[in-house]
Amino acid sequence: MPRHYAIVPAAGSGSRFGAERPKQYLDLLGRPLIFHTLSALVACPDIERVWVVLAPDDPWWPRYDWSELGAKLETVRCGGATRAESVANGLQAASMVAADDDWVLVHDAARPCLSAAQLDALFADLANDPVGGILAVPVADTVKRADAEQRVAATEPRDGLWQAQTPQMFRYGLLGEALAKCRAVTDEAGAVEALGLKPKLVRGDATNLKVTYPADLALAAMILRARK
């Protein structure tokens, strides 16, 4: 049976957030934000190991106690200049244990509200899929395209549009091949698409938000409190 592993690229600076530290280390209910992200992954019985890909010079990680997350968690200081580089380096770190047909879930460090139900849906929908896929939600709002003056240039039809989330789940061998051939992408699905394949869209929900701006941190806290 194929096994499941997870990679969390966490080498970014989170510059859009505008904080004094990378956003993955901002306080969220008394813990670093990334603690909640990792907790959701290590708690999943179907995931055997979780690699956190840090920047080589990350000074923040050693300041916290991660022991509560258990033996599944492994840190590797091989983060790259881009997300794609960090994930590719994480795949290399996993090469000693992962087989080509094993599943790899890549999850954003700044998505702390991933639920067990969302993971279960991903596993169930992709168990026998030949390509793999991603959590995503249909676009509900009207979408506007801006011009150079930040005025509305056009209203875009939203039919068929989905907002990509993570985890994004693909076979170890396929994902490695995709990232080796195409790293000019913003997510793993984009690299797989560049091979001519069509990842499956697995419907998630809006609670699996990515913390990008300060208001998102407050929303994440509300979601996590409600679950407790």
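The values are calculated or read from the model by the stated rules, or taken from the named source; none is laboratory data. None of these values were measured; they are calculated from a predicted model. Backbone-built Cβ (ideal geometry, glycine too); neighbour counts: all protein chains shown. We work out accessible area using only protein heavy atoms, side chains counted, and drop any ligands, DNA or RNA first. Shrake-Rupley method; radii C 1.70, N 1.55, O 1.52, S 1.80 Å.
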Separation in nanometres of the label points that stand 7 Å from Cα toward Cβ, at Arg31 and Ala81
3.5 nm
Please report the base-10 log of the normalised intensity I(q)/I(0) for the stretch 42-104, using a Debye sum with one equal scatterer per alpha carbon and no solvent, at each q in 0.20 (1/Å).
-0.89
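Using a 1.4 Å probe over the heavy atoms of the protein chains, calculate the carbon and sulfur portion of the accessible area of the chain as a whole percent. Don't jump to the answer; show the numbers that get you there.
Details: 5850 of 11490 Å².
C and S fraction of accessible area: 51 percent.
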Using a 1.4 angstrom probe, figure out how much accessible area the stretch 89-228 has per residue, in square angstrom, rounded to the nearest whole.
53 Å²
Extended-chain gain in nm, criterion 0.36 nm per residue less alpha-carbon gap, Asp125 and Lys200
26.1 nm
What residue among Ser39, Ser95, Ser115 shows peak mean-square fluctuation when the chain is described by a Gaussian network model with Cα springs under 10 Å?
Ser95
Distance in nm between label sites at Glu74 and Lys144, each 7 Å beyond Cα in the beta-carbon direction?
4.9 nm
In the chain, helical segments from DSSP H whose Cα atoms cover 20 Å or more along their own axis and that average at least 0.5 on the Kyte-Doolittle scale are 214-227
GluC sites (Glu not before Pro) restricted to DSSP loop in the stretch 1-79 with at most 16 other C-beta within 10 Å
Glu20
Solvent-free Debye scattering, log10 I(q)/I(0), computed from the Cα coordinates of the stretch 6-127 at q = 0.12, 0.16, 0.23 Å⁻¹:
-0.42, -0.77, -1.54
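Work the Kirkwood hydrodynamic radius out for the stretch 102-217: mean of 1/r over every pair of different alpha-carbon atoms, inverted, in Å. Walk me through the intermediate numbers first.
Working: mean 1/r = 0.0643 Å⁻¹.
It is 15.5 Å.
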Using only the Cα atoms of the chain, what are the Rg and Dmax in Å?
17.4, 54
Points 7 angstrom from Cα along the Cβ direction at Trp60 and Glu193: gap in nanometres?
2.9 nm
If one builds a Gaussian network model of the chain from Cα atoms under 10 Å apart, the most fluctuating residue listed among Lys72, Lys210, Lys200 is Lys72
Can you tell me the convex hull volume per residue for the stretch 116-178, based on C-alpha atoms, in Å³ to the nearest whole number?
140 Å³
Could you compute the net charge surrounding Ala11? Neighbours are other residues with a C-beta less than 11 Å from the C-beta of Ala11; K and R count +1, D and E count -1.
-1
Neighbour net charge for Gly79 - beta-carbon separation under 13 angstrom, K R +1, D E -1:
-1
